[in-house]
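Worksheet for the structure shown next.
The values are calculated or read from the model by the stated rules, or taken from the named source; none is laboratory data. What you are looking at is a predicted structure, and each value in this text was computed from that prediction instead of being measured. Every residue, glycine among them, receives a Cβ derived from its backbone with ideal geometry; neighbour counts consider all protein chains shown.
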Amino acid sequence: MSALTDYIDAWVANDADSVARTVAEGCVITECYGPVYRGRGWVLRWARQWFAAGGIVHRWEITDRFVTADREAAQWTFECTWGGERRAFDGATIARVADGLVVELREYQTTAALYDWQGAWR
């Protein structure tokens, strides 16, 4: 296990309190959609509101990752229900960690369906 996988596992468990326990008190989380959550309290509030609004994480599968003493990076496939719509997309996360907690995390996602380029763009 690692700080990043603990964070991901807490989201998959759909457990806001567990999500908050995986981040440092002064963390900065930058979500791929643009919001920035500063501090454990804001992360807890975000997670609670997201789940209360019907958000469900069905799957967050890491497909590749590396870990150093204070950095983690992972590529992943994410599947959730939000706003009554189930969807999946690929992305990546870069995280700075300390003492087993996420200190800083930034997510990136694909914005279109991936395809093999055959000489023309879609």
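Okay, residues lined up against (1) among the charged types (D, E, K, R); (2) in contact with a strand residue (DSSP E or B) (Cβ under 7 Å, 6 or more places away or on another chain); (3) outside any loop (DSSP other than H, G, I, E, B):
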{"residue": "4", "(1), (2), (3)": "no, yes, yes"}
{"residue": "7", "(1), (2), (3)": "no, yes, yes"}
{"residue": "11", "(1), (2), (3)": "no, yes, yes"}
{"residue": "17", "(1), (2), (3)": "yes, no, yes"}
{"residue": "25", "(1), (2), (3)": "yes, no, yes"}
{"residue": "29", "(1), (2), (3)": "no, yes, yes"}
{"residue": "33", "(1), (2), (3)": "no, no, no"}
{"residue": "41", "(1), (2), (3)": "no, no, yes"}
{"residue": "48", "(1), (2), (3)": "yes, no, yes"}
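Residues of region 62-78 that are in contact with an Asp or Glu (Cβ under 8 Å, 6 or more places away or on another chain), of a type outside the set (S, T, N, Q) and surrounded by 14 or more Cβ atoms within 10 Å (Cβ to Cβ): 65, 74, 76, 78. Remark: pairs (first residue in region 31-42, within 26 Å of residue 110 (Cβ to Cβ) and modelled with pLDDT of 95 or more; second residue among the polar types (S, T, N, Q) and in a strand (DSSP E or B); Cβ separation under 6 Å; 6+ apart in sequence or on different chains) = 36/30.
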